[in-house]
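Just below is one structure, and these are the notes that go with it.
Computed from the coordinates by the stated procedures, all read-outs in this text should not be read as laboratory data. Everything numeric here is computed off the predicted structure, so don't read it as measured data. Cβ coordinates were reconstructed from backbone atoms using ideal geometry, including for glycine residues, and neighbour counts include every protein chain displayed.
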Amino acid sequence: MAVLAPSTRTTAAHPRRRFELTGILHPGLPFYAVALLPVFWALGLGYFTFAIAAVPMGLGLLLMTPIRVPRGLGLWLLFVGWMLVSALMLEPTVNRYLSFLVRASVYIAATIIFLYVYNVPQKYLPTGRILKVLGAIFVFTAIVGGYLGLLLGEVRFNTPVSQILPRSMLQNSFVNSVVRPPFAQQQDFLGFPINRPAMPFSFTNDWAATLAPATFAAIAAAGRSQRFRRLMPVLALLALVPMAVSANRGLWITLIVAVFYVAARRASSGQLVLAIRLVIVLVFAGALILVSPLGEIVGGRATSSHSIDARGDIYTEVLERVPDSPILGFGAPLANPNPNRPAIGTHGMLWTSLFSQGIPGAIFYVGFWLGMTVRTGRNVRNQEHLLLHLAVASSLPTLLFYDHIPAALPIMMICAAVILRDGRARDARRIAAVTQHTTR
């Protein structure tokens, strides 16, 4: 880990010691624990990758003085605090405590990861390396996980963690899905069975929620590497197949909205031709999918009301129950009395925060991502920033459909921290230039 060495420069007006990161190990090293997702998945801990990676980053934060907190993070800290207080509403059962702790660990981990990336200078943790890690996560999730999911379906394997857990714990369906994750979820709502990829997570919705921000981060990573840039068209075509077969409409909507958003920004900045080209590419890609064998799946999913009915039922249940605990919520989602329906307070972070943390919790969560989307949008200075901004902005459409746990939330936090860190460095350079000019 990094250690701190005091700077020898002090002033009479402010006789305090400034600390700079030095150390035996590279100060940015803890971040690379995120890249161990394949290892943690093989062990049966893939769901907790970011929570585990946050531990060394948290220790690194403790060695930093001072820890900078950017504007806009206040709503998030309020949400985390409110989330902890909402634990008072949990029934004293193992399943309820477990459900709360799993989600709390990801919320806290995302906070630590954001602060770590924001505070570690680029010379210790370059943006290019951060993007390479996120790009690798995209490849492992979309392509490796995607095709293994299509081929192997609901096949599971006994991970080392599943071997050491008591059988009583493995009888819990959630625990079993986490430590013995399937490669895919097989469903037949289109009239025929399809394997909807889930690897390296436990559920196909988690897979799709992760790919929403990870796709934009991977494209940004391609801009940093000539080799990756040459491979990106091939990787994108390979990823397109499992993304289509997964039948995740929320992911499709997010990517389509992103293209139109970029086109609108380009048009507003006078780049009308580029905006038109983007729309044409989107239309061409859509037409290509529809005339291919994937068209039956995409068309069927677009017109299917299967999940709409199920989601409608649990969303209605949330709205009906919120008046019973409008301030603190219920602490965590509840098992659905109908075993064929998802848990109440899932399938969308808006609904999860509203049910689990009450109306204030939902306001804090949604408000934070609205504010962060605006803040990162104002800090866009180049193509890379725009792509990272899109990763952050993906939080808004996806919070209607997907939970951001376990991976989408930390990835979006990383992208936001990178943009804001660049903005802080840019402001510091501008202030230094002005100071140098006035002292001449």
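A few points about this structure:
- Shape category assigned to segment 171-210 from the gyration tensor of Cα positions, a/c cut at 1.5: oblate
- Whether segment 228-276 is rounded, prolate or oblate, judged on the alpha carbon gyration tensor where a/c under 1.5 counts as rounded: oblate
- In order along segment 110-124, the phi-based Karplus estimate (6.51 cos²θ - 1.76 cosθ + 1.60, θ = phi - 60°) of 3J(HN,Hα) comes to 4, 5, 5, 4, 4, 5, 5, 5, 5, 8, 6, x, 4, 5, 9 Hz; Gly and Pro are listed as x.
- Zone of ALA285's modelled label, taken as backbone nitrogen in segment 252-272 under 14 Å from a point 7 Å along Cα→Cβ: 252-263
- Using the average count of surrounding beta-carbon atoms within 10 Å as a protection proxy, the listed peptides 210-219, 50-59, 96-105, 160-169 rank, highest first, as 210-219, 50-59, 96-105, 160-169.
- Helical contribution to [θ] at 222 nm, DSSP H n ≥ 4, -39,500 (n - 2.57), averaged over the chain, rounded to 500: -20500 deg cm²/dmol
- Residue-span extension gain [ARG68 to ILE276] - 0.36 nm each, minus C-alpha spacing: 70.7 nm
- Computed extension gain for ASN338 through SER269, at 0.36 nm per residue and net of the alpha carbon distance, reaches 19.7 nm.
- Packing-based exposure ordering (other Cβ within 10 Å, fewest first) of VAL69, VAL318, VAL80, VAL234: VAL234, VAL69, VAL80, VAL318
- To the nearest ten degrees, helix 249-268 and the longest principal axis of the Cα atoms of the chain are 40 degrees apart.
- Here THR127, THR376 are placed in order of increasing Cβ neighbour count within 10 Å, fewest first, which gives THR127, THR376.
- Taking Cα atoms only, the orientation of helix 226-245 departs from the longest principal axis of the chain by about 30 degrees.
- Counting 0.36 nm for each residue step from VAL257 to TYR97 and taking away their Cα separation leaves a gain of 53.9 nm.
- Shape category assigned to segment 42-84 from the gyration tensor of Cα positions, a/c cut at 1.5: oblate
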